[in-house]
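Handing you this structure, nothing more for now.
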Amino acid sequence: MNYDIEVHDGELWNEDLAPLSPEKRHWGAFEIFNVWNNDIQSLFGYTLAASLFISYGLNGWLTFAAIVVAGFIVMWLVNLTGRPSVKYGVPYPVMARVAMGVQGAKFPATIRGIVAIFWYGVQTYFASTAVALLLHSLFGGQDGAQFLGMTTMGWISYMIVCVFQVGLFMMGIEWVGKFLNWAGPFVYAVMIALLIVIWWKAGGALLTEVGNIFQSSGEAERSTVASFIAVVGTMIAYFAAVVINFGDFSRFVKSEGQMRSGNFWGLPVSMAFFSFIALFITAGTVVIFGEKLTNPADIVDRVDNIWLTVIAAITFFAATVGINLVANFIPPAYDIANLAPSKITAKMGGIITAVIAFFIGALWVTVISQIGIAGFVDTLGAVLAPLYGILVADYYLVRKRKVNLQDLFTQDPSGAYHYDAGWNRKAIYAFAAAAVFSVATVWVPALAALTGFGWIIGAALGGLFHYVLMGDAARRAHDRSDSAGFH
């Protein structure tokens, strides 16, 4: 396959968005494995896993099974979105041009970027709390006066995290990969150490309490089947943002086989292992403290061990920065670059992301967290859901896995992805129709029972509507690709 773009439009092309040839790819299964490790092992990831065992009224074994099932489903979803970027070496915003048009792809990429920038700011704040915990444990000090809800120590910690993340990103994707490779195993080592400490303090009563959690069905408001599906839906929703732009990472992988292997070990296997750790630690808190604690920071604070506090603070920082880079920094850097490739590089997109996110994180305590962000974020996620279905249906059913790389970077009216002035209106119609329903699951009380399934339903409807609307156009596109020798 020829990865060189012979003729390109400066408004659609730069070095960061151009196809990456196989000899320039250095990631393997281990790097992909650690992409997911850092996603799972964040503070929120642990809290979510621990909470699922006690929140849905399910038997513990069923909850564990639901988490593993979700891992396999997410693995299948990202294998679908990752495969074309492995084959063609282009990131998500460029691959979206196939279905949406060379100009139309900027809309969903922008929406994805907005979600990521918002969460990047929020996660930066939470990572700074780990740094503040570390500084307090080492140097002591009083909280003192506050500005925008943060103390002097808090602001120092916040600036440290901001500079560290931008610096790591500016060093290049290879350094990001190295950081993930270090952070993933390190987090596991510390979580296992925390488990050992909890087990040592709890003694033989720990196994008894684990048995109680596994045997207790609790007071369920839903049926067993509905609760099981809800757990699966919650876990899928947690990974939804990375699922849609996984091509931003799979393009750096040497082969599809290594991508699939990394996804297998990093999703169902890692999720199962990490969930077991969360279960045992949560059970240990019941024995030691008399209550089920699901926040690792609270657990470390209760254990009251200076060395564990220091190590845990570093771990929480590494885990949160890891997920922030994977899910919330690299994607908008590419998305912003895609808006004006001739003027904005991925590094410049990263700087723009960091500047906007700085103010979001700074205002988190006093403003944003007080106005209710759940509906805002859920709505944006629901808007994104149909796009996944459209991209997958277009690539596998409409294009039959064949893409013309040259036409991804040209606005020539004869190009395969020019459509109507660069917009595929049929894809936009499919997107809008499916998004109305998926957003309704967030805001319409009558559909509240579907809130946990909104992403899955929205993605399915998006793909279905797109394929039906394309109709004969799908077959004509396939015929043209055969005659033109698309790869």
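Readers should treat all values here as calculations from the given coordinates under stated rules, not as data from a laboratory. If you're wondering where the values come from, they're calculated on a predicted model, not measured in any experiment. Counting neighbours? That spans all protein chains shown, and the Cβs are built from the backbone with ideal geometry, glycine included.
Residue by residue through the stretch 248-261, which ³J(HN,Hα) values in whole Hz follow from phi under the Karplus form 6.51 cos²θ - 1.76 cosθ + 1.60 (θ = phi - 60°), with glycine and proline marked x?
For the stretch 248-261, the Karplus-derived couplings read 4, 10, 5, 5, 8, 8, 5, 8, 5, x, 5, 4, 5, 5 Hz, x marking Gly and Pro.
Computed FRET efficiency, Cβ-Cβ of Phe276 and Arg302, R0 25 Å: what is it to the nearest 0.05?
Efficiency, from the Cβ-Cβ distance: 0.75.
Using label points projected 7 Å from each Cα along Cα→Cβ, tell me how many nm separate Met348 and Leu148, to one decimal.
With each label point 7 Å from Cα toward Cβ, the separation is 2.6 nm.
Please list, or write none, the lysines whose alpha carbon is within less than 22 Å of the alpha carbon of Lys426, excluding same-chain residues fewer than 8 places away.
Lys106, Lys400, Lys402
Would you mind checking which residues have amide H under 5 Å from Gly101's amide H? H placed 1.01 Å from N; only 5 or more apart, or other chain.
Amide H to amide H, under 5 Å and 5 or more residues apart or across chains, Gly101 pairs with Asn424.
In whole angstrom, note down how far apart the Cα centers of the stretch 396-418 and the stretch 148-178 are.
Cα centroid of the stretch 396-418 versus Cα centroid of the stretch 148-178: 39 Å apart.
Using alpha carbons only, how many angstrom separate the centre of the stretch 269-284 from the centre of the stretch 234-257?
23
Would you please give the FRET efficiency between Lys400 and Asp4, computed as 1/(1 + (r/R0)^6) with r the Cβ-Cβ distance and R0 = 30 Å, to the nearest 0.05?
Given R0 = 30 Å and the Cβ-Cβ separation, E is 0.80.
Could you rank the peptides 231-242, 437-448 by their average count of other C-beta atoms within 10 Å per residue, with the highest value first?
My ranking of the peptides, most packed first, is 231-242, 437-448.
On to the next question. What's the angle, to the nearest 10 degrees (0 to 90), between helix 330-339's Cα axis and the longest principal axis of the chain?
Here the helix axis deviates by roughly 30 degrees.
Taking amide H positions as placed in the peptide plane 1.01 Å from N, state which residues far from Asp420 in sequence (5 or more) or on other chains have amide H under 5 Å from it.
Amide H to amide H, under 5 Å and 5 or more residues apart or across chains, Asp420 pairs with Arg425.
Quick check: pseudo-label points 7 Å beyond the Cα along Cα→Cβ at Ala440 and Ser223, how many nm apart are they?
According to this spin-label approximation, the distance is 2.3 nm.
For the chain, what number results from the quotient of the Cα radius of gyration and 2.2 N^0.38 Å?
So the chain has a normalised radius of gyration of 0.99.
Go ahead and run the numbers for FRET between Ile192 and Leu138, Cβ-Cβ distance against an R0 of 25 Å, rounding to 0.05.
0.60
Still on this model: List the lysines whose Cα sits under 18 Å from the Cα of Lys254, skipping any in the same chain fewer than 8 residues away.
Correct list for Lys254: Lys24, Lys87, Lys178.
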